[in-house]
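Bear in mind these aren't lab numbers, they're just calculated from the coordinates by the rules spelled out. Please read all numbers here as calculations on a predicted model, not as lab measurements. Methodologically, a virtual Cβ is constructed for each residue, glycine included, from the backbone with ideal geometry; neighbour enumeration extends over all protein chains shown.
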Amino acid sequence: MKTIGLIGGMSWESTVPYYETINRTVKERLGGHHSAEILLYSVDFAPIEEMQHEGDWHGLRDTLVEAVKRLERGGADFIVIATNTMHRVYEGIVERTHLPILHIADCVAERIKLAEMKKVALLGTLFTMEQDFYKGRLEDRHRIRVITPELDDRETIHKIIYDELTLGTIREESRDALHAVVDRLAEAGAEGAILGCTELPMLAQAKRSGIQLFDTGVIHAQKAAAIALGDADV
C-alpha cells in the first residue's frame, strides 16, 4: 500500500472527513482491520486565511511547499492537499517538489464525466469561483462547461465559508441561502453543482437539491484511497 501525504488544516473541520473517507474506503476494499497508511501534516489556518485575503499567493505556495517536503521526508508516496482554494498554487508547488500531487479538480472532473454532464455550477470561495485555476482546468483540460453564481451570491457563499463554516458554525439561514443559490444555478442550466469548498458539505443536503451535488472532499479522498491501494494512478 502506498503512503498518502495529506496536507490538512484548511480548515481542520473539513480535514476530518478526508481521514474518515480514506480509511473507510480502504477498509471496504480490504476488509478486516485494514486501514490506510497516512502521514498528516496539518497547518495553522489563521495565517493561511490572512495570506489568502491579502493576496499573498507566493507566501501560501511556500508554506505548502514546506509541508510537502516534510511529508516527503516522512516517507509519503504522493500528496493530497485537502482543500480546493489552495490548488490556486498547485503549479508552483509541483515545480518546487518531487512527489506527485493529486489535483482535486481532476478527480471531480472524472465524476462529472461519469455522470455524463456537460454543464455544471461551481460554488466555493471567491478565489475559487472568480479566478481561473479551477474553472479553467475543468473547461480547458476536461471540456466541462462551468458557470458560477451572480456576484451577490458569490459574496454570500464566501462569507458563509469564512465567517461560519471554517469556525465550525452551522446556521439554518445559511443552509437556506446556499440551496437558494443552487436552485438559481439549476434554473440557469446547471446539470450538477460542484461543492468547490470542502466545508460546503457541512451545509449542503442532497435531498434539498434538484440537481446532483459533487462533494469534492469525498471525491478527492476516495481517489486518494484508490491510488494508495494500487487501483488508480495519480
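Screening E116 with (1) in contact with a strand residue (DSSP E or B) (Cβ under 9 Å, 6 or more places away or on another chain); (2) surrounded by fewer than 22 Cβ atoms within 10 Å (Cβ to Cβ); (3) assigned to a loop (DSSP other than H, G, I, E, B) gives one miss only, at (1). Those helices (runs of 4 or more DSSP H) of segment 131-189 in which 3 or more residues are farther than 19 Å from D215 by Cβ and of a type outside the set (D, E, K, R) occupy 151-163.
Report whether or not E139 is more than 23 Å from P17 (Cβ to Cβ), touching a residue at least 12 places away in the same chain (Cβ under 8 Å) and surrounded by fewer than 19 Cβ atoms within 10 Å (Cβ to Cβ). Against the criterion (more than 23 Å from P17 (Cβ to Cβ), touching a residue at least 12 places away in the same chain (Cβ under 8 Å) and surrounded by fewer than 19 Cβ atoms within 10 Å (Cβ to Cβ)), E139 does not qualify. Screening segment 80-113 for residues that are in a loop (DSSP other than H, G, I, E, B) and without any contact (Cβ under 8 Å) to a residue 40 or more places away in the chain and picking the one that is surrounded by the fewest Cβ atoms within 10 Å (Cβ to Cβ) gives H98.
Taking segment 205-231, which residues are within 30 Å of E187 (Cβ to Cβ), of a type in the set (G, A, S), touching a strand residue (DSSP E or B) at 6+ places or on another chain (Cβ under 6 Å) and in contact (Cβ under 8 Å) with a residue 40 or more places away in the chain? The answer is none; no residue qualifies. Consider segment 43-79 and keep the residues that are of a type in the set (D, E, K, R) and not in a helix (DSSP H, G or I). The one that is surrounded by the fewest Cβ atoms within 10 Å (Cβ to Cβ) is D44.
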